[in-house]
């Protein structure tokens, strides 16, 4: 990046020049093809009825490859404040341009959602056909009270057991907090 700093109507000190260069180096973080960067700092003094108005004007021109030139102007009583504001505006412009060119080919949200729905439907159809065998622990006949205690101690929604009459029974948790029995 070629950086040129000039001043009008006042002397450009080394500290001001270093400050502008340091701010200008921060523009490299966007990894854009910056060809030329020109900063013109001018001192303006306007005479009015009441008193003289003094202000610093910073004009920045940034040329990049394959795009238009960016121009930013900022005016303030303090030179450093004017420089900070001007570079903040330039950073905002470059950040937006960077995001625009790097996210140009991103997949739109609607397409992502449609792909997720298709994937979920494919998984659901797979899950419907799959049968997972489970072992039942029906070693001995159990009373309803024992089965209820087993259900309460587990995190499951139902419990299958053989009762004392050798019938297979199911005890389950209901939504209202009570227990049902088949």
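The values are calculated or read from the model by the stated rules, or taken from the named source; none is laboratory data. All figures in this text were calculated on a predicted structure; none of them were measured in a lab. Ideal geometry is used to build each Cβ from the backbone, glycine not excepted, and the neighbour counts take in all protein chains shown.
Taking residue 8 as the residue in question, decide whether it is more than 33 Å from the chain's Cα centre (by Cα) and assigned by TED's automatic domain parsing to the domain that holds residue 95.
yes
Of the residues making up segment 41-62, those that are within 19 Å of residue 97 (Cβ to Cβ) and modelled with pLDDT under 95 number 0.
Annotation: of all residues in segment 55-104 being assigned to a loop (DSSP other than H, G, I, E, B) and over 27 Å from the mean Cα position of the chain (by Cα), the one that is farthest from residue 13 (Cα to Cα) is 66.
Go through segment 71-82 and report how many residues are farther than 16 Å from residue 54 by Cβ and surrounded by 14 or more Cβ atoms within 10 Å (Cβ to Cβ).
At the first step, the residues of segment 71-82 found to be farther than 16 Å from residue 54 by Cβ are 71-73.
Narrowing further to those that are surrounded by 14 or more Cβ atoms within 10 Å (Cβ to Cβ): 72.
Residues meeting the conditions: 1.
Tally the residues that are outside any loop (DSSP other than H, G, I, E, B) and more than 17 Å from residue 72 (Cβ to Cβ), restricting the search to segment 30-43. Show your work before the answer.
Initially, segment 30-43 is screened for residues outside any loop (DSSP other than H, G, I, E, B), giving 30, 34-43.
Subsequent filtering for residues that are more than 17 Å from residue 72 (Cβ to Cβ) retains 43.
Adding up the residues that qualify gives 1.
What's the number of the only condition in (1) touching a residue at least 24 places away in the same chain (Cβ under 8 Å); (2) outside any strand (DSSP E or B) that residue 18 fails to meet? Of everything listed in (1) touching a residue at least 24 places away in the same chain (Cβ under 8 Å); (2) outside any strand (DSSP E or B), residue 18 misses just condition (1).
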